[in-house]
Structures are given as structure tokens and as C-alpha cells.
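J.: Below are the C-alpha cells for one structure; questions will follow.
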Amino acid sequence: MDAVTLCGRVRDDLREVEQQIRDNRWLADLEAGALDRKALRGFAGEQLFVIPSDRRSFEALARRRPDEPAHGYLTGMAAGEGVALAALDTLAAAVGLTDTYEPTPGCQAYPSYVARLARDGSPAEVAGAFLVNLEAWGGACARMHAALTRGYGLGDAECAFFAHFSGPTGELERISLAVIDAGLAEGVEPAAIARAARLLQAYELQFWQSLPR
């Protein structure tokens, strides 16, 4: 089995979960203008824990895997999280997040699992999980960008975090598939990659269901 076939099958298996992410109440209420700045501060506060954790996870696995294409993929993902973090600081300031924020357990299951993957898993599992998750997360970010610029008075600079994650993904998909194919050739089990994707997608859903309002 190659990466394209495997990821296609996994995506098909996870369509129901992906639809639940699309249908989550928090996003729907944001688009309806029913959430206030407190909820936006909650989103920013949670992501201020998620993004640095994910970046450290990518960096840790990259140090263990100097071979290509895994190393280039992982360092690129870490760099992308750095860009996102800078944009997130702008968003946090725009919504008034100034005090120390205490994270919500349900929102932090996602980065905790990414850290576990970085410790125990392979680059192919990481690449497969994030590639399958890309559509759900990117789509949610595109919706947030539209809702915040339309109904909450935020501009493109304040919403750069969402533009970063909802931008073109062709090159990321290409290198992700290469990493997965390399892992399969090394003996990584397709079931392990599918499991990583299934769990990460479930934790993505849990993130949206647990966001403070």
C-alpha cells in the first residue's frame, strides 16, 4: 500500500468525525455572532499552549531523525508553528488576552497526544495524522478568519494566524506523502499510521467541544 491509498482510506473512515468537527456548536455560534470576546480569549489562550507544545514535539522528533525526507518535514513543521505563534500573539492582544490563562484539559489532549507521538512514534505516523487532520483544521481556521473579519471587527493582521493554517497546502501534502511512503518502506505498519490519524482527529473534535465560551 502506498501513502495516497492509505490516507484516502483513512479519510474515508474518519468522514463522520470530520463532519462532527464542521458541525461543532462553538464554530457555529462564532459565525452567528453569538460569542463574545471572552470566548475569543479562550481560543487564543488554549492555542498559546498548543502551538509551542507542537513546535517542541516536531523539534524533538527532528533531532532523532536526521534522515530525509523526515528531517526536512519535521523542521518545516516546527518552523510553521513558529510563524503561527507570532501571529497568535497578535490575535491574543487584539482580543484582550492579558492575564495568565489556565488551559482546559479537553483542549490540551491534542498537543499531549502530539508529544506522545513525537516520543514514541515515527515521522510517518506524525505526517499521516497531520495530513488527514489538515482539512478539518484548515477548514475551521478559514471559517474563523471569515467570521472574525466580518462580524467581530478584526482585520487581516489580527487574523493572520487563521490565514496561516488555511493557506495553500499542496507542498505540505507532497512532502507528507513522501514521509509516509518512506516510513512504509521502512516497515511502519499502515495500521499504526491510521491509528495516529484516528486519535488526532478525535482529539481535534475534543478541542472544539471543550473550548470555553
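The values are calculated or read from the model by the stated rules, or taken from the named source; none is laboratory data. Keep in mind that what you see is a predicted model, and the values were worked out from it rather than measured. Don't worry about glycine lacking a Cβ; one is built from the backbone with ideal geometry, like all the others, and counts go over all protein chains shown. To get the accessible areas, we keep the full protein, side chains included, count just its heavy atoms, and leave off ligands, DNA and RNA. Shrake-Rupley method; radii C 1.70, N 1.55, O 1.52, S 1.80 Å.
J.: Out of the helices (runs of 4 or more DSSP H) lying entirely within region 78-172, which hold 1 or more residues that are of a type in the set (S, T, N, Q)?
T.: Working: elements: 105-120, 123-151, 160-165.
Where helices (runs of 4 or more DSSP H) fall fully within region 78-172 and carry at least 1 residues being of a type in the set (S, T, N, Q), they are 105-120, 123-151.
J.: From the list Gly138, Gly121, Gly80, Gly128, which one is open to solvent by less than 30 Å² (accessible area, probe 1.4 Å), under 24 Å from Ala3 (Cα atoms) and out of contact with any helix residue (DSSP H, G or I) (no Cβ under 7 Å at 6 or more places or on another chain)?
T.: Numbers: Gly138 fails: out of contact with any helix residue (DSSP H, G or I) (no Cβ under 7 Å at 6 or more places or on another chain); Gly121 fails: out of contact with any helix residue (DSSP H, G or I) (no Cβ under 7 Å at 6 or more places or on another chain); Gly128 fails: out of contact with any helix residue (DSSP H, G or I) (no Cβ under 7 Å at 6 or more places or on another chain).
The conditions single out Gly80.
J.: Looking at region 164-186 only, could you name the residues that are touching a helix residue (DSSP H, G or I) at 6+ places or on another chain (Cβ under 6 Å) and either among the aliphatic types (A, V, I, L, M) or modelled with pLDDT of 95 or more (or both)?
T.: Across region 164-186, the qualifying residues are His164, Phe165, Ile175, Ser176, Leu177, Val179, Ile180, Asp181, Gly183.
J.: Taking interchain pairs and intrachain pairs at least six residues apart, which have beta carbon atoms under 8 angstrom, with the first residue in region 66-91 and farther than 19 Å from Gly138 by Cβ and in contact (Cβ under 8 Å) with a residue 24 or more places away in the chain and the second surrounded by 16 or more Cβ atoms within 10 Å (Cβ to Cβ) and among the acidic types (Asp, Glu)?
T.: Leu74/Glu59; Thr90/Glu158
J.: So which residues in region 149-161 are touching a residue at least 60 places away in the same chain (Cβ under 8 Å) and either closer than 25 Å to Phe130 by Cα or surrounded by 15 or more Cβ atoms within 10 Å (Cβ to Cβ) (or both)?
T.: The initial filter retains those residues of region 149-161 that are touching a residue at least 60 places away in the same chain (Cβ under 8 Å), namely 151-152, 154, 157-161.
Scanning region 149-161 gives Tyr152, Leu154, Glu158, Cys159, Ala160, Phe161.
J.: When Glu18 is evaluated against the numbered criteria (1) under 17 Å from the mean Cα position of the chain (by Cα); (2) of a type outside the set (S, T, N, Q); (3) under 20 Å from Pro105 (Cβ atoms), which criterion, by number, is the only one it fails?
T.: If we test Glu18 against (1) under 17 Å from the mean Cα position of the chain (by Cα); (2) of a type outside the set (S, T, N, Q); (3) under 20 Å from Pro105 (Cβ atoms), just (3) comes out false.
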